[in-house]
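Structure, as structure tokens:
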Amino acid sequence: MHCIRTAIAAAGAAMIAATAATPAQSAEMRPIITYNAAKSMIEACVSLAESSGWRMHIAIMNNTGDLVAYMRMDDSIYLSKDISIAKARTSASFPGPSEAFAGFAFGENGPTPFAFLPNEIVFFAGGLPIMSGEAHMGCIGVSGAQADEDKACAQAGLDAAAAAGHL
């Protein structure tokens, strides 16, 4: 019985040693959206929005569409909450701006099947991918003003995070 316990303990130790490889060996390394990156994006969006008189909702998601950070400015329109999240989720589904889906959805001959995707996919500007080189880290979705203003606000967030070295 003692030999069996020793063999099981040795096998367990070998398994632990085998899985205790360095992160580069055990998993693909890819950049992630850190707290500081999300914070700098939100702060830049809020700064531009305040100086422009906009009231925004800002959603930041990772590249699988999981919410990383969210901010609702005072007196912003409640409906914009879901739209900001949908813009971010749309951009998370492929590394591109949310407005690019409009071309897929509404072709020259009218709506295509893409126009009837679930309501979590939207076609207006304000959802942008968060990239680090070629790596798609996630997305930012902004809503609360006109679509081009939402996009400018999202871009301000990306620019601030890049300037701070987070991307």
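Each reported figure results from applying straightforward, stated rules to the coordinates on display, with no laboratory input. Here the structure is a predicted model, which is why all the values come from computation and not from measurement. Here the Cβ positions follow ideal geometry from the backbone for every residue, glycine too, while neighbour counts run over all protein chains shown.
From the backbone phi of the range 152-160, what are the Karplus-calculated ³J(HN,Hα) couplings (6.51 cos²θ - 1.76 cosθ + 1.60, θ = phi - 60°) in whole Hz, Gly and Pro given as x?
Whole-Hz 3J(HN,Hα) from phi for the range 152-160: 4, 5, 4, 5, 4, x, 5, 4, 5.
Between residue 163 and residue 104, how high is the FRET efficiency from 1/(1 + (r/R0)^6) when r is the Cβ-Cβ distance and R₀ = 30 Å? Nearest 0.05.
E(calc), rounded to 0.05, equals 0.40.
Which net charge results when you count Lys and Arg as +1 and Asp and Glu as -1 among the other residues whose beta-carbon is under 12 Å from that of residue 82?
Here the count lands on +3.
How much net charge surrounds residue 156 when only other residues with a Cβ under 12 Å from its Cβ are counted (Lys, Arg +1; Asp, Glu -1)?
Its environment carries a net charge of -4.
Return the sequence-ordered ³J(HN,Hα) values of the range 70-80 in whole Hz as given by the Karplus equation 6.51 cos²θ - 1.76 cosθ + 1.60 applied to θ = phi - 60°, using x for Gly and Pro.
Ordered by residue, 3J(HN,Hα) equals 8, 9, 10, 6, 4, 6, 7, 5, 4, 4, 5 Hz.
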